[in-house]
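Okay, structure first, notes after.
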Amino acid sequence: MKSSPGTWVDPLLLFLFAFFSTTPLASSSALAKASYSAHCGTIIPESPPTDYAQITYPSLDSQTTSYAGGGRILATKNSSSKPPFQFRTIESAYRTSTPGVYAIQAFLTFRSPSFFVLRNTSRAQARRNRRHSGSLRFVLTGFWSEPTAKLCMVGTASWFSDSLGRYVNLEAVLKLNYANISTMLSSLVSGTLESFSGSPGDSTYFEPVSILSFPAMSQYKYTDLPDTYHGACSGGIDFPPSSSLGIQKRDVCSKLSWPRYTTFMLYHPLNCSSCTAFGGNFGYLPTRMSLHALECSDEEMKLRYLIEFPNGTRFDWYYQSFDPNTTLIGEGSWDSRWNRLCIVACRILKNSTDSRVGDCSIRLSLRYPSVWSIKQSVSVEGQIWTNKSVNDPRYFDRITFQSSEDNMMRVLGLKYEYTLLDRVRSCAMRKPIKNKVQKYPSAYSYEMRFDMSVTDSKSRSGWGYAVPNSVGDHFYEPYATATPASTDDYGELHRAPIVDLRSRHDNPLNISYKISLYINHGSIDSAGGISSVNSSSSPNDVYDISAEGVYDGETGHLCMVGCRNLASFATNLRIDPWDCEILVNFYFPPVNEGNGSSGFIMGSIESTRKRDEPLYFGHWNISSNVFYTATARQSAWRMDLEIIMVLVSKTLACLFIRSQLLHVKRHADVLPFVSLVMLTFLTLSHMIPLLLNFEALFVDNHSRQSLLLGSGGWLEVNEVIVRVVTMVTFLLQFRVLQLVWTALLGSGNENGFWISQKKSLYASLPMYILGALIALFLNWKRENTYHGEQLEASNSVTELSSLWAGLRSYSGLVLDGFLLPQILLNLFQNSRQSALSHSFYIGITFIRLLPHGYDLYRAHSFVNSHFDGSYIYANPHADFYSAAWDVITPLLGMIFAVIIYVQQRSGGHTMLPQRFRETEIYERVPITGS
């Protein structure tokens, strides 16, 4: 017999069969305490399951669902704190002996946001609420009836009771009513979640939860209402079809289905006497609107929308259930003749017994403007109005809405029209002296968009960003090289010719920008200025400025005139909603900037009005740290080169230490003549990076930079390789140290050898301490000079960081001179022993001095990195690197190597003057052992 797809859940089938049989199972389960028939028998009679089935069942999610009640278990006393809600059925469903009735299981989950705990000021209350900060999940089992479009389920959830101090089982019944044929008027799903255990006041009882939802329907039928779709736009403003962009049938869903967090700003008319009627049910006058597509049909060119009017920040309401008092349900159809979307919207009507969709008197019209300008640079604009008569209490004046978010692809035909260029032509005429060596970013490059910091004349600050709209005759697409394809009236596909914008060299170029500034409230000179007329109580003043002007690619100067939209408070000012008396100047640094260049975009935004005018504001200074793409690519190449050099250096160090290990094994008698201080320094130089995990810290701190510089996972792979090679090098170096230590302990002339080692330590230690103090003092003085008077006692952390950086650099210098303790030991022992193999001390000297040679090359071949951590090899923070040190350090290292070579040939006193040479030498005692 052929097995069915559901055979793997046979135990579940048996459980369901036993549970829904006329004789309930005798178990301790809460579901067994009350039969299904007692709560759902009159809605959907129970029926024994038969076999596995696949059915399409609408699930409910938080974005299309609303609920009320259940305050005791859900903490929903106010609508703004409603946690998200989800209803999900499991994949397995079973047919029953009743046709069209299915046995199903589902999870009903109420998720609590984490900020519930943070908002409580009481610690004790926070601890109690932390128990409820997770999810409250009901596990439900019941039946779904296709003929009646009803659902009834029973189940339990575990909930922590504060009064009892323990978890209790909540027993509930869920009842939902669907529509057989879903249309706009019948697509509302309603129901309740009710407790059937205990009574009011009992720990297991909770208030009923009413549920409303507009789930996505697989068999949704668009409604043909009177005065709908094409006729729905009557009463709005008709724009010529040529002023709006068209949408092909295949693109309707992709262009008109926006995410829920996409908001449209509402602009109410001046002296709006009927605006209160628009927000009558809302309780406030909304300033934003969201269109969230639930259904879409490219073939019919129609959509179903959930239309919301949020009253909080975008992220406050996006994850919450919708509010039926401030939400409309609507259907829209694309009008190809007039290039617009027409929407019929209905309210959600509620009474004491049920809820329904009705009052479909609200209309929306939406279009994509085909021409942008400084005062018209929005992706989408539209209107919302009502077809009720003026005398109707719910009548309201036409309200416009706009969205500047770039969710609309800039299709073929969209143009920008420059209207205020005459006011900035003088900028193009006043050209500074040009430098043929310096090159500035292309107007089409990614570098033309940037974040910025803002300060006013009183050093009060803010931040913002600037993004180009258009460059010349094309819209700003820094990575695009071709315009989109289009189709003719017969549906034939035509590819537009490829236009490589980056190859254009017109100079100067017309350019337009969108600039957004966020200034700390009251931070702008407000003596009659903009801050004084804006009565907003938000902590930040927001300034959205559209600008257009000219960019000179030979000097990096961008000069524009700006217009600020004052529509948000133009009602109070009784003025033109646009203030275009704004001058914007930006100065870009050269792309091929050399060392010492600031690497900052500098600029200003200022009002050209007189000081006594209401809209005058002071001078804003603009600055932005810039990191050009060309420099990023160069840094990526430099980082790749440094990775290779690190791997080569570590590998060579491993080989050179191996040669020393073989040398002392072949000549065991030289082990007491090897400096313990020198070996300790070298061992620590390999051990400390392993203990502190410097490479791992590098990868963590620069994951974002790796993405920018294009290194990707290459750094992480090589970080592992470097750590492995470093570990091997450390083990070999430690083995040499161990052999020397063992030889000193077991030597016959123990006192003599140890005395020499101690003399070497005592002689070198004062020099190291004195050098460290000098290095710390010089580094502190340099940092103090850099910070100026801003480095005060409150900046102790900065001082400690500076001292630590100086200590790190000095430790690198000590390692560069690692042969000094060996030279001192040879001097005290007056030894002629070849304690160090030539490949070891010459090779390690080469490895220590190679970074300084590379630093000289890097200084002349690469620009200074804006990311300190991008230095993988020859890190300036780990050693002294400068033009002087890069010459002094290699010279000193080579001198030390020459001294070692001479000492091992002629004796430790060879480098001393004749009168200081001692005639006695320590007696050489042969050492036996392997």
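I'd like to know if the stretch 332-354 contains one or more residues that are assigned to a strand (DSSP E or B), modelled with pLDDT of 85 or more, closer than 18 Å to THR64 by Cβ and polar (S, T, N, Q). No - not one qualifying residue is present in the stretch 332-354. Scanning the stretch 523-556 for residues that are part of a loop (DSSP other than H, G, I, E, B), of a type in the set (Asp, Glu) and modelled with pLDDT under 75 turns up just one, ASP525. If the condition is being surrounded by fewer than 11 Cβ atoms within 10 Å (Cβ to Cβ), at pLDDT below 70 and in a helix (DSSP H, G or I), then the stretch 743-801 contributes ASN751, THR785, TYR786, GLY788, GLU789, GLN790, ALA793, SER794, SER796, VAL797, LEU800. May I ask you to say which residue of ARG574, ARG609 is modelled with pLDDT under 90, farther than 27 Å from TYR440 by Cβ and over 28 Å from the mean Cα position of the chain (by Cα)? Going through ARG574, ARG609 in turn, the sole match is ARG574. Residues in the stretch 238-247 that are surrounded by 17 or more Cβ atoms within 10 Å (Cβ to Cβ) and either of a type in the set (Lys, Arg) or out of contact with any Leu (no Cβ under 9 Å at 6 or more places or on another chain) (or both): 2 in all. Apart from one condition, GLU91 fits all of (1) part of a loop (DSSP other than H, G, I, E, B); (2) modelled with pLDDT under 75; (3) among the acidic types (Asp, Glu); the exception is (1). Scanning the stretch 653-675 for residues that are under 17 Å from TYR901 (Cα atoms) and assigned to a loop (DSSP other than H, G, I, E, B) returns VAL674, SER675. Of the set (1) buried (at least 16 other Cβ atoms within 10 Å of the Cβ); (2) hydroxyl-bearing (Ser, Thr, Tyr); (3) within 34 Å of the chain's Cα centre (by Cα); (4) over 23 Å from VAL371 (Cα atoms), all apply to TYR261 but (1). Does the stretch 208-224 contain at least one residue that is part of a loop (DSSP other than H, G, I, E, B), at pLDDT 85 or above, farther than 22 Å from ILE343 by Cα and out of contact with any Phe, Trp or Tyr (no Cβ under 9 Å at 6 or more places or on another chain)? Yes - at least one qualifying residue is present in the stretch 208-224. Just give me the residues in the stretch 893-923 being modelled with pLDDT of 65 or more and part of a loop (DSSP other than H, G, I, E, B), in sequence order. Listed by number, the residues that qualify are GLY907, GLY908, HIS909, THR910, MET911, LEU912, PRO913.
Annotation: ASN520 fulfils all but one of (1) at pLDDT 55 or above; (2) buried (at least 19 other Cβ atoms within 10 Å of the Cβ); (3) in contact with a Ser or Thr (Cβ under 7 Å, 6 or more places away or on another chain); the unmet one is (2).
For every residue, the table says whether it meets (1) at pLDDT below 85; (2) assigned to a loop (DSSP other than H, G, I, E, B); (3) within 27 Å of TYR395 (Cα to Cα).
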{"position": "ARG250", "(1), (2), (3)": "no, no, no"}
{"position": "LYS255", "(1), (2), (3)": "no, no, no"}
{"position": "ALA277", "(1), (2), (3)": "yes, no, yes"}
{"position": "ASN281", "(1), (2), (3)": "yes, yes, yes"}
{"position": "PRO286", "(1), (2), (3)": "no, yes, yes"}
{"position": "LEU291", "(1), (2), (3)": "no, no, yes"}
{"position": "LEU303", "(1), (2), (3)": "no, no, yes"}
{"position": "LEU306", "(1), (2), (3)": "no, no, yes"}
{"position": "ASN311", "(1), (2), (3)": "yes, yes, yes"}
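The values are calculated or read from the model by the stated rules, or taken from the named source; none is laboratory data. As the structure is a computational prediction, the values presented were derived from the model and not from experiment. Don't worry about glycine lacking a Cβ; one is built from the backbone with ideal geometry, like all the others, and counts go over all protein chains shown.
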